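> One structure coming up, written as structure tokens, with questions to follow.
The values are calculated or read from the model by the stated rules, or taken from the named source; none is laboratory data. Here the structure is a predicted model, which is why all the values come from computation and not from measurement. Here the Cβ positions follow ideal geometry from the backbone for every residue, glycine too, while neighbour counts run over all protein chains shown.
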Amino acid sequence: MIKFTLIIESNSKHIMETNWSKSFEPLLKQYWKRKHPLDYANRYQLVVMVILSAQDSDRHINEVAKDFFKTYPTMSDLAKASVEDIQREISTVRNFGNKSNWLSKLANAVGEDSKIPTTMEELTKLPGIGRKSANVIIRESGYDAEGIIVDLHVVRVAPRLGVASGTNPEKIEKQLMSVLPKEKWNEAGMAISFLGREICRPTNPKCSVCVMNSVCNFYKS
């Protein structure tokens, strides 16, 4: 318990004493405006693929999406499908039962591609879309950020860096938002995610080539 408390205190001190806006500049430069790994062609495809990718891999969803969008090329086409029809198309996707229900309800609620919401408030009212998914949709659509993307990579990497603590995605998002200027929100989360995918892996992270190692708690320890 004493050791755990000391770690929390160390992270809190590190967060407060570091100029994170400046420290993030090399990371943002490295990944600035890089497209999300989901291979979508429009906002309709983006929304569907973001929902499908939860707890699954982007690579797998990119494969599943090829046939899915041949069958349902638009939101209005998807709205005409039954839950059972959708299930057959995404049966290899993790949690496909719930996701089929979400997609059916979402398609019927939205109706057309042009009516897909653009704000955090409206997006998170839709089935299967939480803050993380909404942040991805907003960022990839080119709209002004209302939050910071916190996916499983960010949950791992941000506490390692010392810019946040804990494992709760919403708490980590709030911590990141408190230390980074709003104009960097859209790119910061995705940059941390790319860092986690390519450099700061769960095991054997490539610390020596990481552009954040000068301020990283994990590397210093």
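> Output the residues belonging to region 130-169 that are among the basic types (Lys, Arg) and touching a His at 6+ places or on another chain (Cβ under 9 Å). So that I can check it myself, show each step before the final result.
First pass over region 130-169, keeping only residues among the basic types (Lys, Arg): 131-132, 139, 156, 160.
Correct list: Arg139 only.
> Return the residues of region 140-154 that are part of a helix (DSSP H, G or I) and surrounded by 22 or more Cβ atoms within 10 Å (Cβ to Cβ); say none if nothing qualifies.
Step one: list which residues in region 140-154 are part of a helix (DSSP H, G or I), which gives 140-141, 152-154.
Once the filter is applied, which keeps residues that are part of a helix (DSSP H, G or I) and surrounded by 22 or more Cβ atoms within 10 Å (Cβ to Cβ), region 140-154 yields only Val154.
> Going through region 101-128 one residue at a time, which ones are within 26 Å of Glu170 (Cβ to Cβ), free of Cβ contacts under 8 Å to residues at least 40 places away in the same chain and in a helix (DSSP H, G or I)?
Result: Asn101, Lys105, Ala109, Val110, Met120, Glu121, Glu122, Leu123.
> Would you list the helices (runs of 4 or more DSSP H) that sit entirely within region 159-221 and hold 3 or more residues that are touching a Leu at 6+ places or on another chain (Cβ under 9 Å) and of a type in the set (A, V, I, L, M)? Steps first, please.
On the way: elements: 169-179, 185-198, 217-220.
Filter on region 159-221 gives 185-198.
> Would a scan of region 52-70 turn up a residue that is assigned to a loop (DSSP other than H, G, I, E, B), more than 30 Å from Ser165 (Cα to Cα) and within 19 Å of the chain's Cα centre (by Cα)? Please lay out each step first, then the result.
So in region 52-70, the residues assigned to a loop (DSSP other than H, G, I, E, B) come out as 54-57.
With more than 30 Å from Ser165 (Cα to Cα) added as a condition, the list becomes none.
Within region 52-70, none of the residues are assigned to a loop (DSSP other than H, G, I, E, B), more than 30 Å from Ser165 (Cα to Cα) and within 19 Å of the chain's Cα centre (by Cα).
> If you check Arg94, Arg131, which single one turns out to be under 21 Å from the mean Cα position of the chain (by Cα), among the basic types (Lys, Arg) and farther than 28 Å from Gln175 by Cβ? Give the derivation first.
Values: Arg131 fails: farther than 28 Å from Gln175 by Cβ.
None of the other options fit; the residue is Arg94.
> Return the residue satisfying two criteria in turn: it lies in region 71-82 and is surrounded by fewer than 19 Cβ atoms within 10 Å (Cβ to Cβ) and hydroxyl-bearing (Ser, Thr, Tyr), and of such residues it is nearest to the chain's Cα centre (by Cα).
Restricting to residues being surrounded by fewer than 19 Cβ atoms within 10 Å (Cβ to Cβ) and hydroxyl-bearing (Ser, Thr, Tyr), the top hit is Thr74.
> Go over the candidates Asp67, Asp77, Asp39, Asp56 one by one and state the one that is touching a helix residue (DSSP H, G or I) at 6+ places or on another chain (Cβ under 6 Å) and either more than 18 Å from Leu126 (Cβ to Cβ) or at pLDDT 95 or above (or both).
Details: Asp67 fails: touching a helix residue (DSSP H, G or I) at 6+ places or on another chain (Cβ under 6 Å); Asp77 fails: touching a helix residue (DSSP H, G or I) at 6+ places or on another chain (Cβ under 6 Å); Asp56 fails: touching a helix residue (DSSP H, G or I) at 6+ places or on another chain (Cβ under 6 Å).
None of the others qualify; the one that does is Asp39.
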